[in-house]
Amino acid sequence: MIAALVNRILPFSSVDGPGNRTVFFLQGCNFNCGYCHNPETIHVCNNCGACVSACPTGAIRLVEGKVTYQRSVCCACDACLRACPRDASPKVDVMQPEQALGILSGNLPFIRGITVSGGECTLQRDFVLALFRGAKHMGLGTLLDSNGNYDFEQDEELLPVCDGVMLDVKCADPDAHRTLTGQSNELVLKNLAFLASVGKLEEVRTVVVPGVLPNEDTVRQVCAGLAPYWAAGAPIGYKLIRFRPLGVREGFRSVPVPNDESMEHLRGIALQAGCANVSIL
Ligand code: SF4
Ligand code: SF4
């Protein structure tokens, strides 16, 4: 049986790809970024039970050693997330693709596509594949929001039903990337080139973190890789995202937000490289 851990579903979003889309956020990530704004999505719950007594409404229970969650009585206070010692969440639904497609069909008149995000959605690839196949049957567009730590070239089934990937390129420098995420960026950079070459790169996203990451070097390297595709008319977007210390863990709470001047400087580099669609968030 195929099933995924779903952290959250946004029925309608206009910022997760073109048009109005339903967005599925899956639980679990294979990076552990210091600046993550949703660190509770990184790990999968190990049923330790530490959050149960923190819940004021009884929405979480420990039943035969497993945590259960009742969304209908949750007041969204997030006390459970603060009590969790391992950056996990008990507020997760186990969902089969058929259930997800049932939700999608209810949204059909109002959406033109779906986006699957995370955590890291490719960790639950079989669910994503089944969901995308079903969404395509409904005539919907399909986008993935990925940290890039997945070998898309080796997966012959996923890209044919995926319109494009919104790829995080957090840091081009291998050592700084490993320090930030705990993982190599080898696959990320391979995917940057591969997805662009097969017309499946929807956009690149880089979070700009002043004083912590070599932001300009990353933007320059992304632009050097994509310039030939932009010159050929490929509509690959580049989204430059300001770091904001909201929801982040201790080590990043005092990192400043990048100023307008530095963001515009990075935008200028991308524009000069030929990107027609650079946005600053
Ligand atoms: S957010 Fe967590 S602690 Fe708060 S009511 Fe919901 S399950 Fe309970
Ligand atoms: S969500 Fe965290 S605290 Fe709650 S049972 Fe799971 S691992 Fe333990």
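The values are calculated or read from the model by the stated rules, or taken from the named source; none is laboratory data. All of these numbers come straight from a predicted model, not from anything done at the bench. Note: ideal-geometry Cβ built from the backbone for every residue, glycine included; neighbour counts use all protein chains shown.
Could you list all residues from the range 88-116 that are of a type in the set (Ser, Thr, Tyr), in contact with a Ser or Thr (Cβ under 9 Å, 6 or more places away or on another chain) and more than 16 Å from ligand 2 (Cβ to nearest atom)?
Within the range 88-116, just THR115 meets the criteria.
Are any of the residues in the range 182-200 part of a loop (DSSP other than H, G, I, E, B), among the hydroxyl-bearing types (Ser, Thr, Tyr) and in contact with a helix residue (DSSP H, G or I) (Cβ under 9 Å, 6 or more places away or on another chain)?
yes
Quick one: what pairs do we get from the range 52-64, first residue under 11 Å from CYS75 (Cα atoms), second assigned to a loop (DSSP other than H, G, I, E, B) and at pLDDT 95 or above, C-beta under 6 Å, 6+ apart or different chains?
Taking only residues 6 or more apart or on different chains, the pairs are THR57/CYS75; ALA59/CYS74.
Only one of (1) more than 16 Å from ligand 1 (Cβ to nearest atom); (2) at pLDDT below 95; (3) touching a His at 6+ places or on another chain (Cβ under 9 Å) is not met by ARG86, so which one is it?
Status for ARG86: all satisfied but (1).
Hey, any hits in the range 119-134 for a residue that's in contact with a helix residue (DSSP H, G or I) (Cβ under 9 Å, 6 or more places away or on another chain), at pLDDT below 95 and over 19 Å from LEU240 (Cα atoms)?
yes
Would you be able to say whether some residue in the range 147-168 is closer than 19 Å to ASP16 by Cα, of a type in the set (Ser, Thr, Tyr) and buried (at least 20 other Cβ atoms within 10 Å of the Cβ)?
The answer is no, given that none of the residues of the range 147-168 is closer than 19 Å to ASP16 by Cα, of a type in the set (Ser, Thr, Tyr) and buried (at least 20 other Cβ atoms within 10 Å of the Cβ).
To keep it simple, each residue is scored yes or no on (1) polar (S, T, N, Q); (2) within 25 Å of CYS36 (Cβ to Cβ).
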position	(1), (2)
VAL198	no, no
ASP217	no, yes
GLN221	yes, yes
LEU226	no, no
GLY237	no, yes
ARG244	no, yes
VAL255	no, yes
VAL278	no, yes
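Within the range 62-87, take every residue that is within 14 Å of ligand 2 (Cβ to nearest atom) and charged (D, E, K, R) and give me the one that is farthest from the chain's Cα centre (by Cα).
Ranking the qualifying residues of the range 62-87, first place goes to GLU64.
State all residues of the range 22-47 that are within 20 Å of ARG71 (Cβ to Cβ) and outside any loop (DSSP other than H, G, I, E, B); if no residue qualifies, say none.
Result: THR22, VAL23, PHE24, PHE25, LEU26, GLU40, THR41.
Using the structure shown, decide if ALA88 is in the same structural domain as LEU10 (by TED's automatic domain parsing) and surrounded by 15 or more Cβ atoms within 10 Å (Cβ to Cβ).
no
Report, by residue number, each residue of the range 88-139 that is within 16 Å of the chain's Cα centre (by Cα), part of a helix (DSSP H, G or I) and of a type in the set (A, V, I, L, M).
Those that are within 16 Å of the chain's Cα centre (by Cα), part of a helix (DSSP H, G or I) and of a type in the set (A, V, I, L, M): LEU123, VAL128.
Any residue at all in the range 35-48 that's more than 30 Å from VAL212 (Cβ to Cβ), more than 10 Å from ligand 1 (Cβ to nearest atom), free of Cβ contacts under 8 Å to residues at least 12 places away in the same chain and surrounded by fewer than 18 Cβ atoms within 10 Å (Cβ to Cβ)?
No, the conditions are met nowhere in the range 35-48.
So which of GLY19, GLY58 is surrounded by fewer than 17 Cβ atoms within 10 Å (Cβ to Cβ), within 16 Å of ligand 2 (Cβ to nearest atom) and part of a loop (DSSP other than H, G, I, E, B)?
Selected residue: GLY58, the only one of GLY19, GLY58 that is surrounded by fewer than 17 Cβ atoms within 10 Å (Cβ to Cβ), within 16 Å of ligand 2 (Cβ to nearest atom) and part of a loop (DSSP other than H, G, I, E, B).
Filter the range 67-77 down to residues that are surrounded by 14 or more Cβ atoms within 10 Å (Cβ to Cβ) and near ligand 1 (Cβ under 7 Å from one of its atoms) and give me whichever is farthest from CYS55 (Cα to Cα).
Looking at residues that are surrounded by 14 or more Cβ atoms within 10 Å (Cβ to Cβ) and near ligand 1 (Cβ under 7 Å from one of its atoms), I get TYR69.
Assigned to a loop (DSSP other than H, G, I, E, B) and not acidic (Asp, Glu), is that true of PRO210?
Judged against the criteria, PRO210 is a match.
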